[in-house]
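The values are calculated or read from the model by the stated rules, or taken from the named source; none is laboratory data. In this text, all values refer to a predicted model and were calculated from it rather than measured experimentally. Because the Cβ atoms are built from the backbone with ideal geometry, glycine has one as well, and the counts that use them run over all protein chains shown.
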């Protein structure tokens, strides 16, 4: 009881957040029911109950299961690649001594993040075409033209790399902010001990950055089933459905005839459950084996 | 919250193929159009209630509407969605005040949300699938009686032109919506467009067969470079040219054994695919077509890289025509030709169930007959030839203003056909007095002929040129060389639920065949996958609903 | 003291600058292309001939986008939304993240709280129930419908929470010993030192609010109330709706419209819509590079 008395202020601070979250996130949760109904907006929640048949329907759709694998594959590599590139850049940027230069570079790398995929995709299609700039450059180096967008094996990697390019600015910002939080005293004492910059980075910087990295990793896992609808939708085509069709693009095409609320809710629920398992699992592992608390 | 509805320009152009349809009248085919409309109230109803359908209300009546935002509307000074000439006329003529519940760029979502929150406007327009949901939910008014009593002769005559369309709004014998119809079938046939100056300078004759067409393509390639024919990842060109082999993809047809089957899996498709595969190998098709969209395909037109473009619905002139003329000059226009045959048999033009939606009245509407009155008025204004109305017509129908009354407008199913006849006559005689609302299109055509104004080339190539799209389409209609989609109505269950995924199987497979990743015989394996993935079920349903 | 200006260091510096420069160039090129498209005629764009320089230079796309005066109004609404929305976000984030940054011993029931919040990141009721709620609360057609539903972005809150946790404990100890309440500790001691965190999370919130066009589309019933991105998006969607049912139209816009196809329109739209955020970003940057610890513990 003494504890609570001491702590009441903390609980009080949490109250506003709890209220908002409860009202706007928990109350609408009843909408999950739509996944179990043949939903008609006109009937609302009096719509006929169909139990698991929506799930059966979507999973028995031709080629749906393959989209799950595609989504996973593309997401995982995007996450890993994205983190590596962002961290490397944050480190490189951190080494710049002039603050002004640092800021300029920082602004530039964040720019692709501001653009929407509709625009970027249009440019990508031009650049990556069989006779586009990239292939022309490759030709100069004596490499045969690569079908970045029409070859099933290469397509996912095109998606991964272009997405990393577009989004790494975001991670860089977070890591840079974390880097500024590292006590300069640590570097000074390391210097005194005779450690060169590279050793400093390995043993101090990366170590202290690790919690942030793990944090971003775990947060991304919650997103692993959203492999980037905007990007894929604007860049894919039937010839690469094999490896490029993800859950969201598939559901989108399915719903194009009429607003398929039931299907959307079903797939959404499926994604949520799996994401939950992933996040809980990784949090547990990170805690158990590395002692990191994310949540 | 996680789903965004991405509607892209490209998607729209693909599915609709731009323009072609003019919504400005021409006369209706029924002879009563010239008679003074005011007397029609006496002769109108079979139920012989002497109701004056044109009478205004004594007490003001308010109707709430929900409409889509439309970028084609240019409001004259002082007008906007809430205050405009249409709403003013409604008030003046009938004492009916229209109130906008919403003006949205995502109209269909708004309708769904309003359904869910039980806050539908009194009147709005929507598609067949939503109508079904509305009826099931008991949200719309049964207008059988009201329609009977209040609808004008004109409306009824238009609806009677194709009863199958009208019946799609009838559930359990009761009418729940008024079909909006369309501007007519003349707008549907596809064409092959060929570049005029190249063809003339090489002295080539009109293509009679597919081989002729390919010949032209090859000669163009030799002389001017580039590749021969464009294509998109959705097999747009393929779908347009397939009828040359008697194949009719994406519609339902009568098969050899008398039952109905899906056109895309019939044996004739194999020949079409084989031809395309050969063309791809020969370099006639764009090597990168598998990742191209419509805009990319049309780029080649605008750049002067190709000279042959299959295109739908007479719309080449509007897009990419305008850009082609702006970029390359008026000599570079493409002209329309019918699809040539590959096997000597007459090529038919596939024609789809044509209805642009339904006018729907909410159950909570206090004055449902008011809606019918407004529709009457709209049609009357659309079709009048009375010179006294000329100025009003101009105000009502120009600048895209009719889009404001999206909730209640209806089309005249023979408007475009008649318009083409009228305009052609006027071009010859120079007499424009009877053109009515077609006058502005006529002026556009003349403008192009005199000044080669790029923005007018659309109308010119649709109707004005000697080799205009409609000249070809009219002949097709007159000779009845059409093949109707047997699914002449709303999609059946499997098609509504999984139609797109079934098509995906085919598109993917066809593309692989065309680019050579699979042999032509792969087609047989494909149709087996299609069948077991739900195609068989879809076929059974179609036969049940639409079969004999 | 070791001499830092060693040869290896200099080489590294040069390479570093080159790599970063190259990357920046790569990042900026699409933007340049975007600008070029927005200033070109639709014909040139449709012909695919615009790369990094405008062709047939025209201001038509911008004319079209800015005509109507509604653009300015929509911009104002967006700015209002960002100010209100982000303030609310930050207040809630800070108030929630601080207690959650405490350990289980310092905050009873911490795990339950955490699960409570994190679950909402993974699962949602969907569009219709949320709409019914917002509309039922009478928020439809007001700016609150844009600002209240997402008032506490949990992902950003977790990031902020971890920033707090990365601070050394000693910072608070001094104040606690002096008898400060949690609120005072938070305001007087922690926040000044957390400026980079606030700037980071604040930036994300700003970008989210600024770019969100969907909420405006469903909650606002008239175009007068649209925030900027909704307005721009709606113009493009309505172009498509127009092309679906084109009617005969004369009038002044016709000539401007035919100069624009969706690509140039979108380009102008995107550029105009992105400007304000891009201006804020360099301003916030100076907080990123300020040290977290400077001066707080020493001595």
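Structure data summary
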item	result
Matching residues, the range C:214-223, being at pLDDT 85 or above and either touching a helix residue (DSSP H, G or I) at 6+ places or on another chain (Cβ under 7 Å) or not in a helix (DSSP H, G or I) (or both)	C:215, C:216, C:217, C:218, C:219, C:220, C:221
Yes/no for residue A:201 being surrounded by fewer than 19 Cβ atoms within 10 Å (Cβ to Cβ), out of contact with any strand residue (DSSP E or B) (no Cβ under 9 Å at 6 or more places or on another chain) and either more than 29 Å from residue C:114 (Cα to Cα) or away from chain B (no Cβ under 14 Å) (or both)	yes
Total residues in the range C:33-55, condition within 14 Å of chain B (Cβ to nearest Cβ) and surrounded by 22 or more Cβ atoms within 10 Å (Cβ to Cβ)	10
Strands (runs of 3 or more DSSP E) completely within the range B:79-194 that count 3 or more residues being touching a residue at least 60 places away in the same chain (Cβ under 8 Å) and touching a strand residue (DSSP E or B) at 6+ places or on another chain (Cβ under 8 Å)	B:123-126, B:177-179
Helices (runs of 4 or more DSSP H) completely within the range A:1-120 that count 1 or more residues being more than 30 Å from residue B:538 (Cα to Cα)	A:2-21, A:64-94, A:99-114
Hey, residue C:26 at pLDDT 80 or above, within 8 Å of another protein chain (Cβ to nearest Cβ), within 30 Å of residue A:92 (Cβ to Cβ) and buried (at least 20 other Cβ atoms within 10 Å of the Cβ) or not	no
Given (1) closer than 17 Å to residue B:526 by Cβ; (2) touching a residue at least 12 places away in the same chain (Cβ under 8 Å); (3) surrounded by fewer than 19 Cβ atoms within 10 Å (Cβ to Cβ), number of the condition residue B:267 does not satisfy	(2)
Top-ranked residue of the range A:216-234 - restricted to ones that are facing chain B (nearest Cβ under 10 Å) and outside any loop (DSSP other than H, G, I, E, B), ranked as nearest to residue B:505 (Cα to Cα)	A:233
Residues (within 23 Å of the chain's Cα centre (by Cα) and under 28 Å from residue B:387 (Cα atoms)) located in the range B:444-464	B:444, B:445, B:456, B:458, B:459, B:460, B:462, B:463, B:464
Given (1) farther than 21 Å from residue B:510 by Cβ; (2) touching a strand residue (DSSP E or B) at 6+ places or on another chain (Cβ under 6 Å), index of the condition residue B:255 fails	(1)
Condition check for residue B:501: within 30 Å of residue A:64 (Cα to Cα) and away from chain C (no Cβ under 14 Å)	yes
Residue count, the range C:214-226 (criterion: more than 8 Å from every other protein chain (Cβ to nearest Cβ) and either in contact with a strand residue (DSSP E or B) (Cβ under 8 Å, 6 or more places away or on another chain) or at positive phi (or both))	0
Residues of the range B:477-488 that turn out to be part of a loop (DSSP other than H, G, I, E, B) and either in contact with a strand residue (DSSP E or B) (Cβ under 8 Å, 6 or more places away or on another chain) or on the phi < 0 side of the Ramachandran plot (or both), as a count	6
Single condition residue C:95 does not satisfy, out of (1) modelled with pLDDT of 90 or more; (2) over 16 Å from residue A:26 (Cβ atoms); (3) more than 7 Å from chain A (Cβ to nearest Cβ); (4) in contact with a helix residue (DSSP H, G or I) (Cβ under 8 Å, 6 or more places away or on another chain)	(3)
Residue B:370 in contact with a strand residue (DSSP E or B) (Cβ under 7 Å, 6 or more places away or on another chain) and surrounded by 24 or more Cβ atoms within 10 Å (Cβ to Cβ)	yes
Members of the range A:235-251 that are facing chain B (nearest Cβ under 8 Å) and either at pLDDT below 85 or surrounded by fewer than 21 Cβ atoms within 10 Å (Cβ to Cβ) (or both)	A:242
Scan of the range B:148-166 for residues that are modelled with pLDDT of 90 or more, surrounded by fewer than 21 Cβ atoms within 10 Å (Cβ to Cβ) and over 28 Å from residue B:463 (Cβ atoms), ordered by number	B:148, B:149, B:156, B:166
Some residue of the range C:166-181 being surrounded by fewer than 20 Cβ atoms within 10 Å (Cβ to Cβ), in contact (Cβ under 8 Å) with a residue 60 or more places away in the chain, over 30 Å from residue A:40 (Cβ atoms) and more than 10 Å from chain A (Cβ to nearest Cβ)	yes
Hits in the range A:131-142 (condition: assigned to a loop (DSSP other than H, G, I, E, B) and either surrounded by 15 or more Cβ atoms within 10 Å (Cβ to Cβ) or more than 9 Å from every other protein chain (Cβ to nearest Cβ) (or both))	A:132, A:141, A:142
Residue in the range B:332-357 that is surrounded by the most Cβ atoms within 10 Å (Cβ to Cβ), counting only those that are more than 14 Å from residue B:193 (Cα to Cα) and more than 19 Å from the chain's Cα centre (by Cα)	B:342
Scan of the range C:122-160 for residues that are within 9 Å of chain A (Cβ to nearest Cβ) and under 18 Å from the mean Cα position of the chain (by Cα), ordered by number	C:148, C:149, C:150, C:151, C:152, C:154, C:155, C:157, C:158, C:159
Residues located in the range A:112-122, provided they are at the interface with chain C (Cβ under 9 Å from one of its Cβ atoms) and modelled with pLDDT of 75 or more	A:112, A:113, A:120
Near pairs, Cβ below 9 angstrom, 6+ apart or cross-chain, from the range B:430-454 (assigned to a loop (DSSP other than H, G, I, E, B)) to any residue that is modelled with pLDDT of 80 or more and surrounded by fewer than 19 Cβ atoms within 10 Å (Cβ to Cβ)	B:431/B:425; B:432/B:443; B:434/B:425; B:452/B:329; B:452/B:330; B:453/B:447
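Condition check ((1) facing chain A (nearest Cβ under 8 Å); (2) surrounded by fewer than 24 Cβ atoms within 10 Å (Cβ to Cβ)) across all residues:
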| residue | (1), (2) |
| --- | --- |
| B:105 | no, no |
| B:109 | yes, yes |
| B:114 | no, yes |
| B:122 | no, no |
| B:129 | yes, yes |
| B:132 | no, yes |
| B:138 | yes, yes |
| B:141 | no, yes |
